[in-house]
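The values are calculated or read from the model by the stated rules, or taken from the named source; none is laboratory data. Computed from a prediction, not measured in an experiment: that's the story for all the values here. Positions of Cβ are backbone-derived with ideal geometry, glycine not excepted, and every protein chain shown enters the neighbour counts. Ligands, DNA and RNA are stripped out before the accessible areas are found, and what is left, the full protein with its side chains, is counted by its heavy atoms. Shrake-Rupley method; radii C 1.70, N 1.55, O 1.52, S 1.80 Å.
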Amino acid sequence: MRKDRPERPFSSVFPFQSRCACLGFLIAGAIASHARAQQWAALGPAPISGVQYTGRVAVVACSPTDSNRYFIGAADGGVWRTGDGGLSWIPVTDSMPTTSIGAIAIDPTNSSVVYVGSGEANFANHSRYGLGIYKSVDGGDSWTLLAGPTFAGRCISKLVVDRINPQTVYASVTIAGGFPTMAAARGHPQAAGPLGVLKSADGGVTWAQLAGGLPGLSATDLAIDPVDTQTLYAAIGHIFGSADNGVYKTVNGGTTWTRLAGGLPTASLGRISLGVAPTNRMRVYALIANAADAAGNGASTLGAWRTDNGGTTWTSLPVGSFQATYGWYLSYVSVQPTNADVVFVGGLNILRSTNAGVSWSNVTAPHVDNHGNAWDAAGRFVVGDDGGVHRTANLGTNWSPLNAGVGVIQFYAGFSTHPTDANVMIGGTQDNGTNRRSSAGTWQQVFGGDGGWTQINQVNPLIVFAESQGTGSLGRSTDGGFSFGGSSSGIIGSDRNCFLPPYLVDPANPNRMLYATHRVYESINGGVTWAPISGDLTGGSGAIRALAIAPSDSDFVYAATNDGRVQMSTDGGHVFQLIAAGVPGWPRTTREIAVHPQIPTEVYLAVSNFGTDQVRRTTDGGQTWEPLDGDLPDVPVNTVAVEVRGAATVLYAGADDGVYRTVDGGATWTRLGCGLPRVPVIDMSVEPARNRVVIATQGRGAWMCPLTAPADWNMDLVVNSADFFEFLNSFFAGAADFNGSGGTDSQDFFDFVNAFFATCG
């Protein structure tokens with residue numbers, strides 16, 4: 001901490017004639033010392049206590065020779081590596097441009113060479129676009145980005161390395177999914193680029209799309225013959241259905257392809273997954289889901305099939321329906337490396353057959369919704385699901401969680417912090433319920449389902465709200481969020497919703513609350529009962545995705561809908577007027593609106609889309625809007641927050657690749673702090689009294705960063721030469737106790753210059 005008066009004058013440390021002579025030496029020594037900077041700190045969960053779950057793991061890859069070495073790719077959490085069989089993990093791609101991961105392949109001839117396909121190919125609204133291929137030649141210690149222009153805006157479902165010629169690599173490519181179609185692409189300018197199967201002959205540097213009878217549609221899986229690497233099978237599985245969907249085979253390295261028939265279905269095909277038996281190259285299994293409708297419904301299991309002659313004829317297998325209605329999201333086939341008759345298929349549950357698919361057993365891991373899978377060098381089966389990573393050593397009879405230290409939870413918007421205990425927080429997560437962080441920093445699941453919006457009553461923090469998906473699935477707690485009762489009386493369950501409806505406690509009256517479906521509801525008794533107070537704010541088919549109450553005047557209420565409308569009410573939410581239309585963004589619930597703390601007609605809007613003004617402001621209640629993008633990169637912005645320091649307004653933007661801040665009205669933007677992966681930020685709370693910003697990410701849990709950098713000596717939120725010279729003035733005046741030791745000495749100088757020159761690296 002700083003002191004106005006030093007314990008001892010500077011002249012007693014350095015005589016006047018020595019000051020200038022020593023300055024160069026001091027600077028050189030400080031720069032050479034260990035750097036300190038404005039650092040982000042991870043808050044977890046990693047994993048959730050008790051249940052031991054973390055976020056969705058989309059892909060698993062195991063070393064072919066080291067039974068303790070695995071890589072996992074989290075949906076939006078980047079790539080993690082273990083060298084001790086899952087006892088501990090480290091993230092290895094945090095410096096790369098996106099944390100959305102779809103595929104990992106280890107070179108079968110050299111396990112130090114690892115390829116990662118970015119973009120999660122599971123087709124959900126939160127299965128974000130990729131930005132290219134990552135390649136490591138040192139086992140994941142460092143990475144190079146390859147083929148960004150080739151693959152950006154889409155997702156990679158599988159990478160395959162030719163074991164005979166390992167410079168040959170294949171990639172199966174899909175659209176970035178979502179409902180409506182390609183919502184997860186966020187309007188990326190390359191989202192309509194090449195699909196299907198692409199091939200590289202130079203270790204991933206350059207790629208060519210394969211045709212020769214192979215459709216240019218989403219390829220949801222790819223498998224290579226274990227003996228003849230010129231033979232591959234591709235699954236064309238456009239999730240909304242296509243006459244061209246099916247299983248295709250090449251025997252010449254992808255030059256020409258033949259669509260396989262011989263008993264495979266030809267109608268209603270959606271997502272397809274494949275598995276070739278390592279011990280019997282003629283044995284191939286296929287799992288096929290029904291095509292989805294435009295809303296993502298109807299994609300139940302169409303069936304499973306087996307061929308014993310390389311695809312000439314197929315036999316239907318009795319798997320039943322185990323993918324719920326969203327087989328577009330969860331699907332895999334995995335054959336045991338040592339026995340062609342042992343096969344697993346993954347969906348909502350995991351089914352196992354030990355007799356080549358004649359009969360099946362349910363051997364679901366501790367968490368449903370299954371995605372990634374691999375066999376380690378010891379013959380154990382490792383799966384990735386919506387709860388993280390699980391492993392079985394006995395073909396699914398028993399499972400062990402491998403989630404220690406893996407912080408890849410996907411929060412939704414509506415994250416809340418406690419008014420008096422800075423450590424206590426609560427937030428809803430994708431498929432892992434609502435979780436509460438204790439004073440000790442541990443996380444506990446307190447509400448089930450897909451956890452959504454939360455609220456903590458800022459006057460009486462014992463009153464806490466949480467929800468699960470759907471209209472009216474609201475819970476109210478009176479014991480600080482440990483137990484919940486129902487709180488939806490009066491909310492019409494048939495109202496349209498944004499999956500997880502937003503709701504708010506009035507900052508001026510804790511007994512008054514607003515809740516949003518396609519219209520606004522009000523409670524005047526602290527969320528016990530509700531009544532609708534507005535009409536439909538959408539065009540007739542949407543729902544309200546964002547809601548905001550002006551902190552300085554709660555008569556001003558703002559709402560944004562998933563059909564692109566922004567509206568304002570000046571009577572507390574009864575009557576609204578349209579103030580913006582055609583605003584793109586995420587179809588689910590957001591916190592995209594921020595109102596100035598002191599001016600109810602000054603509103604900031606985040607726009608989660610490429611190629612548009614991602615940050616906008618109105619100062620007249622929406623009559624006019626101005627862009628504040630300045631030099632902000634063209635990247636979707638999911639949330640904004642406003643801080644007022646005197647006459648200055650500081651604006652924060654939570655984007656798909658981290659947090660940005662502007663202190664000059666949007667002209668220039670800089671990344672806030674160091675150490676935060678390029679992860680999607682879905683919610684944000686700026687807390688000046690605590691000198692911190694807290695964020696909820698959709699892929700790496702919650703994080704916290706100081707609002708001021710250590711070297712921001714003049715407290716203007718920018719570290720520049722002015723800070724350096726002001727510190728020097730204080731230092732030579734003996735009033736620069738930078739390290740809080742109680743006096744000014746050379747160590748303060750070392751520490752300050754050290755912090756001043758610190759970079760995020």
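3J(HN,Hα) along segment 633-638: x, 6, 8, x, 10, 9 Hz, from the Karplus curve 6.51 cos²θ - 1.76 cosθ + 1.60 with θ = phi - 60°, whole Hz, x for Gly and Pro.
Considering only the other residues whose Cβ falls under 10 Å of the Cβ of Ile549, what net charge follows from Lys and Arg at +1 and Asp and Glu at -1? Before the final figure, lay out the partial values.
On the way: positive: Arg512; negative: Asp506, Asp553, Asp555.
Here the charged neighbours net out to -2.
Against the chain, whose longest principal axis is taken from its Cα atoms, helix 721-732 shows a tilt of about 50°. Model label sites at Ser242 and Asn525, defined 7 Å from Cα along the beta-carbon direction, differ in position by 5.6 nm. What is the spin-label model distance, in nm, from Ser321 to Thr256 if the labels are put 7 Å beyond Cα along the C-beta direction? Here the modelled spin labels are 4.1 nm apart. Subtracting the Cα-Cα distance of Arg281 and Glu687 from their residue separation scaled by 0.36 nm leaves 140.1 nm.
With contacts taken as Cα pairs under 8 Å at a separation of at least 6 residues, the chain carries a relative contact order of 12 percent.
Pop the C-beta distance of Val227 and Leu145 into the FRET formula with R0 = 25 Å and round what comes out to the nearest 0.05.
On the way: r = 33 Å, r/R0 = 1.33.
Calculated transfer efficiency: 0.15.
By how many degrees, 0 to 90 and rounded to 10, does the Cα axis of helix 16-32 deviate from the longest principal axis of the chain? Rounded to the nearest ten degrees, it is 10.
Each part gets one Cα centre, and for segment 42-67 versus segment 297-319 those centres are 31 Å apart. Shown is the FRET efficiency for Ala733 and Thr668, computed with R0 = 51 Å from the Cβ-Cβ distance and rounded to the nearest 0.05: 0.95.
Using a Förster radius of 51 Å, what is the FRET efficiency between Asp341 and Thr442 based on their Cβ-Cβ separation? Nearest 0.05, please. Efficiency for this residue pair is about 0.70. Which residues does a label at Asn509 reach in segment 567-589, if reach means a backbone N under 13 Å from a point 7 Å past the Cα toward the Cβ? So the set is 571-574.
Per residue, the accessible area of segment 463-592 comes to 33 Å², computed with a 1.4 Å probe over protein heavy atoms only. Modelled label positions at Ala267 and Asp138, each set 7 Å beyond Cα in the direction of Cβ, lie 5.8 nm from each other. Centroid-to-centroid, using Cα positions, segment 231-282 and segment 622-677 are 46 Å apart.
Summed over the residues of segment 595-693 and divided among them, the accessible surface reaches 33 Å² per residue at a probe radius of 1.4 Å.
Highest mean first, what order results for 451-457, 328-334 on Cβ atoms within 10 Å?
Numbers: 451-457: 26.3, 328-334: 24.7.
The densest-packed peptide leads the list: 451-457, 328-334.
Measuring nothing but protein heavy atoms, the accessible surface of the chain at 1.4 Å probe radius is 52 percent carbon and sulfur.
From the alpha carbon centroid of segment 449-481 to that of segment 702-761 is 41 Å. Rounded to the nearest 20, the size of the Cβ-charge dipole of segment 559-635 about its Cα centre is 280 debye, with Lys and Arg at +1 and Asp and Glu at -1. Normalised per residue, the accessible area of segment 143-294 is 32 Å², obtained with a 1.4 Å probe and no contribution from ligands, DNA or RNA.
Fully extended, how many nm does the chain gain between Ala201 and Ala647 (0.36 nm per residue separation, minus their Cα-Cα distance)? Intermediate values should be presented prior to the final figure.
Details: separation 446, 0.36 × 446 = 160.56 nm, distance 5.91 nm.
Going from the current span to full extension adds 154.7 nm.
Relative contact order of segment 523-573: what whole-number percent is it, with Cα pairs under 8 angstrom and at least 6 residues apart? The partial results should precede the final answer.
Working: 72 pairs, mean separation 14.2, N = 51.
So the answer I get is 28 percent.
Our coupling estimate for segment 526-542, obtained by passing each phi through the Karplus curve with A = 6.51, B = -1.76, C = 1.60 and θ = phi - 60°, is x, x, 7, 9, 9, 8, x, 10, 10, x, 5, 8, 9, x, x, 9, x Hz, Gly and Pro reported as x.
Can you give the net charge of the other residues whose Cβ lies under 15 Å from the Cβ of Gly246, counting K and R as +1 and D and E as -1?
Details: positive: Lys249, Arg259, Arg271; negative: Asp221, Asp244.
Net charge around Gly246: +1.
3J(HN,Hα) along segment 152-165: 4, x, 10, 10, 10, 8, 7, 10, 10, 9, 5, 6, 8, 10 Hz, from the Karplus curve 6.51 cos²θ - 1.76 cosθ + 1.60 with θ = phi - 60°, whole Hz, x for Gly and Pro.
The Cβ shell under 15 Å around Gln469 holds other residues with a net charge of -3, Lys and Arg each +1, Asp and Glu each -1.
At 0.36 nm per residue, and after removing the present C-alpha to C-alpha distance, how many nm does the segment from Ile164 to Ser721 gain when stretched out fully?
Working: separation 557, 0.36 × 557 = 200.52 nm, distance 5.73 nm.
Gain on stretching Ile164 to Ser721: 194.8 nm.
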